[in-house]
Amino acid sequence: MRVLQVRNLRKTFRLHLRGGLELPVLKNVSLDVNAGECVALTGPSGQGKSTLMKCLHGSYGVDGGEVLLHRADGSVLDLAQAAPQQMLQLRRRELAYVSQFLRVVPRVPALDVVAERMLEADEAVARQRSEAGHAEALAAAREQVRELFRRLNLPPGLWELPPATFSGGEQQRVNIARGFIQGARLLLLDEPTASLDATNRRVVIELIEEAKARGTAVVGIFHDEEVRDAVATRCESVAAGANQGQ
Ligand SMILES: Nc1ncnc2c1ncn2[C@@H]1O[C@H](COP(=O)(O)OP(=O)(O)OP(=O)(O)O)[C@@H](O)[C@H]1O
Ligand SMILES: [Mg+2]
């Protein structure tokens, strides 16, 4: 079952501080991803892998082409044309992105950074909840997050602290938990294991395998070849050639 179809995607950066210099990064990129597949984006540094990921997530606008998401209800939405409100809605439920660096609201404890993502996913249910119902839902969400934090070997002493002062690898595991908790339909992973030790890399490999088994479509960038070989069902080069310039 098709989840993502990228058609002739184009993205050019315009460097206003350099006299409007144009930097064409993505030239007619096409990519198909099915449910249960993990497609690894490959290509040399600076070729546009992270840029493609940000275009799929909607954090960068595109200059042309289509990013078609086949949704759970059977409809197809072009993310390249979606309104900001629609993108926010999608990110609550269907589209998850694990960036290399965690960006969070200061002062929110690690547990809630992830638990709140779970509650947002059920927005419609949330609207009907009473205050007591909300407290109960939050407690249940926190319990699931604890389980994921335990799997990711995040020290329990950190769970109630805001992640701002965590080490790179600790922040990355909070970020990973946030990406995996909502069971998204399309999961985007940009170097999810870059700051992790071997034990935690194996946990992330397991989490990716479980997501695939649930039917999630995964697009990932993995510099670590061992991780890539373990999880990728297919590699696609973002370098000029394979998919570009048609
Ligand atoms: N916001 C931006 N403004 C201007 N240029 C950008 C921007 N983001 C990326 N670029 C440029 O686009 C090109 C592709 O960058 P990108 O980060 O997508 O590469 P990458 O393939 O992910 O590389 P790496 O493997 O090193 O992470 C680079 O030349 C980069 O300088
Ligand atoms: Mg990159």
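Side notes on the structure shown:
- Nitroxide proxy distance, nm - points 7 Å out along Cα→Cβ at Asn153 and Ser237: 3.6 nm
- Sites Ala139 and Phe13 - FRET efficiency at Förster radius 35 Å, r taken between beta-carbons, to 0.05: 0.20
- If R0 is taken as 35 Å, the Cβ-Cβ distance between Glu160 and Glu206 corresponds to a FRET efficiency of 0.85.
- As a length-normalised measure over Cα pairs under 8 Å and 6 or more apart, the relative contact order of the stretch 32-105 settles at 19 percent.
- Among Val227, Val76, Leu138 - extreme Cα towards positive end, dipole of the chain, charges at beta-carbon: Val76
- For the stretch 152-191 versus the stretch 59-91, the gap between their alpha-carbon centres in whole angstrom: 25 Å
- Mean separation of Cα contacts under 8 Å (6+ apart) over length of the chain, as relative contact order %: 30 percent
- Placing pseudo-labels 7 Å out from each Cα toward the beta carbon at Leu21 and Glu225 gives an inter-label distance of 3.3 nm.
- Over the chain: helical MRE at 222 nm, DSSP H runs n ≥ 4 each giving -39500 (n - 2.57), nearest 500: -12000 deg cm²/dmol
- Looking at the chain alone, DSSP beta bridges between its own residues are antiparallel in about 55 percent of cases.
- Extension gain for the segment Ala198 to Gln85, taken as residue separation times 0.36 nm less the Cα-Cα distance, is 36.8 nm to one decimal.
- Candidate lysines - alpha carbon under 17 Å from Lys11, same-chain residues fewer than 8 apart omitted: Lys27, Lys49, Lys54
- Size descriptors for the chain: radius of gyration and Dmax over Cα atoms are 18.4, 57 Å.
- Loop-located trypsin sites (Lys or Arg not before Pro) in the stretch 133-227 whose Cβ has at most 16 other Cβ within 10 Å (DSSP): Arg214
- Spin-label model, Ala72 to Ala213: label points 7 Å out along the Cα-to-beta-carbon direction sit 2.0 nm apart.
- Estimated at 0.36 nm per residue, the fully extended path between Ser130 and Phe101 surpasses their Cα-Cα distance by 6.9 nm.
- Cβ charges +1 (Lys, Arg) and -1 (Asp, Glu), total dipole of the chain, debye: 480 debye
- Semi-axes of the equivalent ellipsoid for the stretch 1-116, Cα gyration tensor, largest first, Å: 24, 21, 15
Every number here is computed from the coordinates shown, using simple stated rules; none is lab data. Everything numeric here is computed off the predicted structure, so don't read it as measured data. Cβ coordinates were reconstructed from backbone atoms using ideal geometry, including for glycine residues, and neighbour counts include every protein chain displayed.
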